[in-house]
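The structure appears right after this line, and notes come after that.
The values are calculated or read from the model by the stated rules, or taken from the named source; none is laboratory data. Worth saying up front: this structure is predicted, and the values here are computed from it rather than measured. Using ideal geometry, Cβ is built from the backbone for each residue, glycine included, and neighbour counts are taken over all protein chains shown. Surface accessibility is based on the protein's heavy atoms, side chains included, excluding ligands, DNA and RNA. Shrake-Rupley method; radii C 1.70, N 1.55, O 1.52, S 1.80 Å.
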Amino acid sequence: MSQSTDVRIVDAVCSFEPVPFRAPLKFGGRVVENCILINVDVTVEDQQGNHEVGTGSMPLGNVWAWSTELPGETTERAMKDFAEKVTDLASQIPHYAHPLELMFDLTTEYSHLAKTIAVQCGIEEAFPELAQLVAASPIDAAVHDAYGRLHNLNSYDTLSSEFMNDDLSDYLDDQFHGEYLDQYTLREPKERMPLYHLIGALDPLTQDDVTDDPKDGLPVTLDEWIKADGLTHLKIKLAGDNFEWDVERVARIEAAAVEAQAEQGCTEWFYSLDFNEKCESANYVLDFLRKIQADTPDAYDRIQYIEQPTSRDLKAHPEIKLHEVSKLKPVVVDEALVNYESLLLAREQGYTGVALKACKGQSESLCLAAAAQKFGMFLCVQDLTCPGFSFLHSASLAARIPTIAAIEGNGRQYCPGPNKKWANRLPSMFDITDGTVGTGVLNGIGLGF
């Protein structure tokens, strides 16, 4: 333990960047056609008076993070207000500490701030904890980035007892006494990682499905994407409340993939299934899996995991148990995962895996990654249609967690604009030819790029 490495936040600035989509993305019955990036720059200083600046960026993601009947404009405004105000609060923390400690101190203000903003916006329902985490995630990333830069180290090399004042028992529970995050992260990023390509509910599979071609030089159909990028990992968005459509969708994707992969000479590829919590019960998922196994057994064998099939409100639905589903395939918790307590509850209800997301905060993600590893859970990293800096942040997280085998990256499909300024600097992260991204380059100071 060494307090001489601690920093405090002396300045933090938040701004917003609109990003159009080249194609609409449909998931969970909702359609997204644009996004707003929350960009944050943070200046930290150490006790010797040295200063450094760090950056964080993340899509606002209100459609995903705030499940509601409220107008999108309302939740977007509330999350923008939260992002601005939590950034201001961060620069008011008076003491020096490690980024993890600073961010967990800041989270104690989230609930009160969320209630205040909801009242100011005339919102009568609760401001979801997930939406709070997403809006605050850029400041979290920026503090970790600045801390690493100040010490001229990669941020993942500042997670040991040499830098942290408290062990993981302060952030999780006594099972982690004497343990630090360096035990659950890698000192070098994985050299390459498979990329999970998203198939949205509106995405055309073959040329016969195309109704709107942006004609921007990028692939449009699934078979085109597979051939262009050499894809081996495909994430399928399903309805969850339309059994016949879901079964047919998987069958059509399997047929398109078989044909395209044959041309590539590829014999092994994988699927993940994302119902975006639309299934009313575990029985829907069980019946669906059994139907897929009977009708298209090869497709069933390719399923690597299932993501959040039922409601994110675990406490409101204690009757939903996923143990039988998880005997067939790993079931990972996503929207419901907002803290350690929710992870423990998810395990009780039958979840056997965790979907980490940088948009829930670097600090929270690192702690949950440690807990998932200790409990022997399946781990994956999903993104929030992250372009540019936010994708690199998400990829750096995935590349430093030992048991994560692949990473989702769909910003290149729907909103590739912010990727352009990074592509020349880190071509291995954006020039996809064999279905993988070259995460070995994410070894610089700060968050790694």
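Values computed for the structure shown
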{"read-out": "Nearest-ten-degree value, helix 362-374 long axis tilted from longest Cα axis of the chain", "value": "70"}
{"read-out": "Hydrodynamic radius (Kirkwood) for the chain, which is based on Cα pairs only, to one decimal in Å", "value": "22.2"}
{"read-out": "Share antiparallel - DSSP beta bridges, the chain, percent rounded to 5", "value": "55"}
{"read-out": "Per-residue SASA entry for Y300, accessible area with 1.4 Å probe, Å² rounded to 10", "value": "20"}
{"read-out": "Angle between the chain longest axis and helix 243-264 axis [Cα atoms, degrees, rounded to 10]", "value": "90"}
{"read-out": "The range 100-167 versus the range 357-416: alpha-carbon centroid distance in Å", "value": "16"}
{"read-out": "Packing-based ranking, highest mean first, of 213-222, 123-132 given that Cβ atoms within 10 Å are counted", "value": "123-132, 213-222"}
{"read-out": "Model label zone, E341; criterion: amide N under 20 Å from point 7 Å along Cα-to-beta-carbon; scope the range 160-183", "value": "168-176"}
{"read-out": "Degrees, to the nearest 10: 129-150 long Cα axis against longest axis of the chain", "value": "60"}
{"read-out": "Computed over the range 182-228, the ratio Rg/Rh where both radii use C-alpha atoms and Rh is Kirkwood", "value": "1.24"}
{"read-out": "Accessible surface, the chain, averaged per residue in Å² (probe 1.4 Å)", "value": "38"}
{"read-out": "D287 paired with E179, simple spin-label distance in nm, labels 7 Å along Cα-to-beta-carbon", "value": "4.0"}
{"read-out": "Proximal lysines relative to K80, as straight alpha-carbon distance under 16 Å, when same-chain residues fewer than 8 apart are discounted", "value": "K115, K360"}
{"read-out": "Area accessible to solvent at R192, 1.4 Å probe radius, in Å²", "value": "110"}
{"read-out": "Debye-sum result for the range 137-240 in log10 I(q)/I(0), which assumes one identical scatterer on each alpha carbon, at q = 0.10, 0.14, 0.15, 0.16 Å⁻¹", "value": "-0.57, -0.79, -0.82, -0.84"}
{"read-out": "Cross-link table K235/K278; K85/K357; K278/K321, entries beyond 19 Å C-alpha to C-alpha", "value": "K85/K357"}
{"read-out": "Mean separation of Cα contacts under 8 Å (6+ apart) over length of the range 355-399, as relative contact order %", "value": "43"}
{"read-out": "Mean separation of Cα contacts under 8 Å, 6 or more apart, over the residue count of the range 35-91: relative contact order %", "value": "31"}
{"read-out": "Nearest-10 value in Å² for the accessible area of W66, using the 1.4 Å probe", "value": "10"}
